[in-house]
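*Asks:* This is the structure, below, for whatever I ask next.
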Amino acid sequence: MRIVVGITGGIAAYKAPELVRLLKKAGHEVRCAATEHALEFVTRVTLETVSGAPLYSDLFASGRTEHISLKDWGEMLVVAPATANIIGKVASGIADDALSTLLLAFSGKPVIMAPAMNCEMWAHPAVQRNVELLKSWGIRMVGPEEGELACGVSGVGRMAEPEAIASAVCATTRSQRLAGQRWLVTAGPTYERIDSVRFIGNYSSGKMGFALAEALAKEGAEVELVTGPTYLSAETFHETSLRQHIHITSVESAREMYTAATEAFPQCNGAILSAAVADYRPSECADHKLKKNGSEGMHLELVQNPDILATLGGKKTAAQTLVGFALETDNEEANAQRKLEKKNLDYIVLNSLHDKGAGFGVDTNKVTIIGRDGSHKESPLLSKQEVAGLIINTVTS
Ligand code: CTP
């Protein structure tokens, strides 16, 4: 989304560059507009550097009608910090500088304000009346919060933290395309216990599965994420507001993942199984640490784990979409196609092992998405977030 960040003259303006950075990290394009007073607290160079675009601060800069082009460019306007002054100006329809002019011109599109001021000012009936008026026009307020203020006193007036403002922005921009849908995602490796301190595992990081869960939530879905052991957690999701829509169940073994996934699947519109499930587990798990037995070698008997994907393929209704992953080294497409048919899938995502930067542990991936309907989509080398977006768009369209 294209977001204009408006900055007014309060000490909290020093936090505006961090807000811009967070919004850009979440994938938004950002331009800044600042009042003259804001530039007493944060410099033009800083704002232009973090946003990567020229700052809009002068209404009369050589014949420009920037408030018009910027209002056409921007899809959302976030004012942080918003002083009592800018709130009062908007409430009264005053447009006497760059930002207030932009605010009045920015009608019909979402506006978020993060007020910041001294607590007595915030409590003043004029400010409270103005805030209520702005809210009644659909302007969303984030904060202010209670805490120590720059003037040395404590009270309500602190600007909400940049994370909270970015989170409110993302909540407003969340697509509703998959609203009302629930999807199951499996992620990460499984650990199969040998004894009380050892296991059989693999190098899967879980990054692809976590990126898929976030991409689904971003499109409006509720997500059941069943994950094997990984260092990733809800904290990993770039957009904090999406965390409440991703329900994480942590498991260790293939059998635990099987139980969690088969229980969740009937309530889901679809499932994407990206976990690297161990095909076999030790037939027995010792409840103590196994000692060296004195001989040169050791035999470990393995038994097969249940195939979660094939089980869901057998239970799938016509209304459900099932997507599996395949990691092949030779006859890649033919093997993936065979797996798609055998496990009754709608799509299979073929992971390339031949391409540098694709596969386990890394942040990038390159995939081919093969559909039951014969469709075939090949991606370039992309970040796992971008690959996740491509997969979600393909399998939910
Ligand atoms: N899968 C699963 N349960 C298993 C094994 C795999 O759900 N017990 C899923 C994976 O999450 C992935 C797909 O099945 O979506 C991978 O299929 P699989 O046949 O296991 O691939 P490979 O392990 O590569 O199979 P093979 O060894 O037969 O090539």
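*Asks:* So for segment 56-69 (the condition being open to solvent by 20 Å² or more (accessible area, probe 1.4 Å), touching a strand residue (DSSP E or B) at 6+ places or on another chain (Cβ under 7 Å), in the same structural domain as Arg158 (by TED's automatic domain parsing) and part of a helix (DSSP H, G or I)), does at least one residue qualify?
*Replies:* Yes, there is a match, as at least one residue in segment 56-69 is open to solvent by 20 Å² or more (accessible area, probe 1.4 Å), touching a strand residue (DSSP E or B) at 6+ places or on another chain (Cβ under 7 Å), in the same structural domain as Arg158 (by TED's automatic domain parsing) and part of a helix (DSSP H, G or I).
*Asks:* Something else about it: Which residues, counting only those in segment 22-51, are under 30 Å from Ala215 (Cα atoms), free of Cβ contacts under 8 Å to residues at least 60 places away in the same chain and either among the basic types (Lys, Arg) or part of a strand (DSSP E or B) (or both)?
*Replies:* Lys24, Glu29, Val30, Arg31, Cys32
*Asks:* Among the numbered criteria (1) at pLDDT 95 or above; (2) loosely packed, with under 14 Cβ neighbours inside 10 Å, which one does Ser136 miss?
*Replies:* (1)
*Asks:* Continuing with the same structure: Sort out for me the strands (runs of 3 or more DSSP E) sitting completely within segment 325-397 that have 3 or more residues that are of a type outside the set (Ser, Thr, Tyr) and over 18 Å from Leu273 (Cβ atoms).
*Replies:* Details: elements: 347-351, 367-371, 376-378.
In segment 325-397, the matching strands (runs of 3 or more DSSP E) lie at 376-378.
*Asks:* Still on this structure, I have one more. Which one is farthest from Glu219 (Cα to Cα) among residues in segment 347-364 that are open to solvent by 30 Å² or more (accessible area, probe 1.4 Å) and of a type in the set (A, V, I, L, M, F, W, C)?
*Replies:* Selected residue: Leu353.
*Asks:* Still on this structure, I have one more. In segment 211-242, what residues are open to solvent by less than 10 Å² (accessible area, probe 1.4 Å) and of a type in the set (Phe, Trp, Tyr)?
*Replies:* Phe237, the sole residue that qualifies.
*Asks:* If I go through segment 293-312 residue by residue, how many of them are open to solvent by less than 70 Å² (accessible area, probe 1.4 Å) and among the aliphatic types (A, V, I, L, M)?
*Replies:* Residues in segment 293-312 being open to solvent by less than 70 Å² (accessible area, probe 1.4 Å) and among the aliphatic types (A, V, I, L, M): 5 in total.
*Asks:* Look at segment 39-55 and say how many of its residues are hydrophobic (A, V, I, L, M, F, W, C), at pLDDT 95 or above and open to solvent by less than 80 Å² (accessible area, probe 1.4 Å).
*Replies:* 4
*Asks:* Also, quick follow-up: Could you please tell me which pairs satisfy a Cβ distance under 6 Å, a separation of 6+ or placement on different chains, a first residue in segment 139-157 that is modelled with pLDDT of 90 or more, and a second residue that is open to solvent by 60 Å² or more (accessible area, probe 1.4 Å)?
*Replies:* Pro144/Arg158; Glu145/Arg158
*Asks:* Another question, if that's okay. Is there a residue being surrounded by 14 or more Cβ atoms within 10 Å (Cβ to Cβ), in contact (Cβ under 8 Å) with a residue 12 or more places away in the chain, in contact with a Leu (Cβ under 9 Å, 6 or more places away or on another chain) and farther than 30 Å from His354 by Cα anywhere in segment 271-292?
*Replies:* yes
*Asks:* Please determine whether any residue of segment 344-359 is more than 10 Å from the ligand (Cβ to nearest atom) and among the aromatic types (Phe, Trp, Tyr).
*Replies:* Filtering segment 344-359 down to residues more than 10 Å from the ligand (Cβ to nearest atom) leaves 344, 346-347, 350, 352-359.
Restricting the remaining residues to those that are among the aromatic types (Phe, Trp, Tyr) gives 347.
The answer is yes; a qualifying residue exists.
*Asks:* I've got another one for you. Name the residues in segment 325-343 that are more than 9 Å from the ligand (Cβ to nearest atom) and open to solvent by less than 20 Å² (accessible area, probe 1.4 Å), would you?
*Replies:* Ala336, Leu340
*Asks:* Next question. Let me spell it out: the conditions are (1) on the phi > 0 side of the Ramachandran plot; (2) modelled with pLDDT under 95, and Lys25 meets all of them except one. Which number is the exception?
*Replies:* (1)
*Asks:* Based on what the data block shows, is Ala123 within 20 Å of Trp73 (Cα to Cα), in the same structural domain as Leu70 (by TED's automatic domain parsing) and more than 30 Å from the chain's Cα centre (by Cα)?
*Replies:* It is false that Ala123 is within 20 Å of Trp73 (Cα to Cα), in the same structural domain as Leu70 (by TED's automatic domain parsing) and more than 30 Å from the chain's Cα centre (by Cα).
*Asks:* Taking the criterion of being assigned to a helix (DSSP H, G or I) and either within 26 Å of the chain's Cα centre (by Cα) or under 24 Å from Cys151 (Cα atoms) (or both), would at least one residue in segment 97-117 satisfy it?
*Replies:* Residues of segment 97-117 that are assigned to a helix (DSSP H, G or I), as a first pass: 98-105.
Narrowing the set further to residues that are either within 26 Å of the chain's Cα centre (by Cα) or under 24 Å from Cys151 (Cα atoms) (or both) leaves none.
Within segment 97-117, none of the residues are assigned to a helix (DSSP H, G or I) and either within 26 Å of the chain's Cα centre (by Cα) or under 24 Å from Cys151 (Cα atoms) (or both).
*Asks:* Please go through segment 89-119 and pick out each residue that is hydrophobic (A, V, I, L, M, F, W, C), closer than 13 Å to Trp137 by Cα and touching a Ser or Thr at 6+ places or on another chain (Cβ under 9 Å). Let's see the steps before the verdict.
*Replies:* We begin by selecting, within segment 89-119, every residue hydrophobic (A, V, I, L, M, F, W, C); these are 90-91, 94-95, 98-99, 102-106, 111-114, 116-117, 119.
Next cut, closer than 13 Å to Trp137 by Cα only: 90-91, 103-104, 106, 111-113.
Answer for segment 89-119, where residues must be hydrophobic (A, V, I, L, M, F, W, C), closer than 13 Å to Trp137 by Cα and touching a Ser or Thr at 6+ places or on another chain (Cβ under 9 Å): Val90, Ile112.
*Asks:* Have a look at Val367, Val387, Val395 and point out the one that is within 16 Å of the ligand (Cβ to nearest atom), modelled with pLDDT of 95 or more and open to solvent by less than 80 Å² (accessible area, probe 1.4 Å).
*Replies:* Numbers: Val367 fails: modelled with pLDDT of 95 or more; Val387 fails: modelled with pLDDT of 95 or more.
Unique residue meeting the criteria: Val395.
The values are calculated or read from the model by the stated rules, or taken from the named source; none is laboratory data. Everything numeric in this text was worked out from a predicted model, so none of it was measured. Because the Cβ atoms are built from the backbone with ideal geometry, glycine has one as well, and the counts that use them run over all protein chains shown. In case anyone asks, the SASA skips ligands and DNA or RNA and just uses the protein heavy atoms, side chains included. Shrake-Rupley method; radii C 1.70, N 1.55, O 1.52, S 1.80 Å.
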